[in-house]
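Rule-based calculations on the coordinates, nothing more; no lab input. Note that the structure is predicted; figures quoted are calculated from it, not measured. Using ideal geometry, Cβ is built from the backbone for each residue, glycine included, and neighbour counts are taken over all protein chains shown.
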Amino acid sequence: MGDEPQTTALEVRELTRAFGVRRALDGVSFELPPYAFLSIFGPNGAGKTTLVKVLTTLLNPTSGNAKVLGLDVVADAVEMRKRIGLISHNPLLYPDLTAEENLRFFSEMYDVPDARGRVAELLEAVELDHRRLDLTRTFSRGMLQRLSIARALLHRPEVIFLDEPYSGLDPHAMDILDGLIAQIRHEHTFVMISHDLDKGLELCSHALILARGRIVMYEPREAIDDAAFRETYRSTVGMGVA
């Protein structure tokens with residue numbers, strides 16, 4: 001990448017992903033600047049999770065291309081994974097390891113400097129330091145989600161993808177996640193899938209509505225009229241293919 005400053009965090013061009021005859025993504029194109037916070041909205045089956053899976057190298061596109069931090073999601077997938085983090089419905093944790101052992105394992109995978117200190121710092125940040133020696137299979141859904149947040153942040157990723165991160169969290173855990181995002185949002189680019197319009201619009205610098213694999217609206221936050229945006233979103237709900 002050289003010494004050139006990165007002018008886009010995401011660059012998506014005519015991105016298509018098909019499953020048989022169905023196009024989950026159908027010619028999606030947009031750019032997102034560095035340190036932005038993108039909230040992605042849309043009905044069930046709109047292609048939101050498929051888009052995030054392509055951008056995090058979990059699925060290859062059928063056609064078109066996408067770059068994250070200037071890295072191609074297919075050709076540069078290995079390098080890209082070192083620079084992104086993912087928080088999804090699946091906590092991606094090992095149930096028969098303790099909270100501390102899980103984070104130490106992932107810190108070794110990412111070659112995190114001062115892993116012991118970083119693990120301790122994040123366990124405290126997600127308020128699980130008192131459960132650090134407990135097996136994660138004994139954790140509640142909310143606790144697992146909090147630990148998965150710590151896992152995703154271990155290596156200080158430049159782009160953080162969040163697939164419905166508030167799902168399954170109790171109000172206290174939501175407050176913890178809000179606090180973490182507020183603390184680090186100016187140091188990272190965020191891409192979040194959300195069904196919660198209020199939360200998504202509150203956090204975002206850019207908002208995108210998908211329906212049937214296509215972009216219905218994509219605007220920076222300051223250009224969005226909330227009433228018009230909500231009406232556009234409501235009109236897409238009947239377009240779902242749940």
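Observations on the model:
- Cα-only radius of gyration and Dmax that characterise the stretch 107-235, units Å: 16.9, 50
- Sequence-distant contacts, meaning Cα pairs under 8 Å at least 6 residues apart, place the relative contact order of the stretch 97-175 at 36 percent.
- Eligible aspartates and glutamates near residue 67 by straight Cα distance, threshold 15 Å, same-chain separation 8 or greater: 11, 14, 31, 76, 79, 158
- Anchor residue 199: lysines whose Cα lies under 24 Å away (excluding residues fewer than 8 positions away in-chain): 48, 53
- Diffusion coefficient, µm² s⁻¹, Stokes-Einstein with Kirkwood Rh over alpha-carbon pairs of the stretch 50-104 at 37 °C and 0.692 mPa s: 258 µm²/s
- Between helix 99-109 and the chain: long-axis angle, C-alpha atoms, 0 to 90°, nearest 10: 70 degrees
- Taking other residues whose beta carbon is less than 13 angstrom from the beta carbon of residue 211, and scoring Lys, Arg as +1 and Asp, Glu as -1, yields +4.
- Relative contact order of the stretch 163-241, defined on C-alpha pairs under 8 angstrom at six or more residues apart (%): 22 percent
- Value of relative contact order over the chain, rounded to a whole percent, pairs C-alpha under 8 Å and six or more apart: 29 percent
- Modelled FRET efficiency - R0 35 Å, residue 31 with residue 140, Cβ distances, 0.05 increments: 0.35
- What separates the Cα centres of the stretch 27-63 and the stretch 180-242 is a distance of 12 Å.
- Of the beta bridges in the chain, as assigned by DSSP with both residues counted there, near 55 percent are antiparallel.
- 0 to 90° range, to nearest 10: angle between helix 226-237 axis and the chain longest Cα axis: 90 degrees
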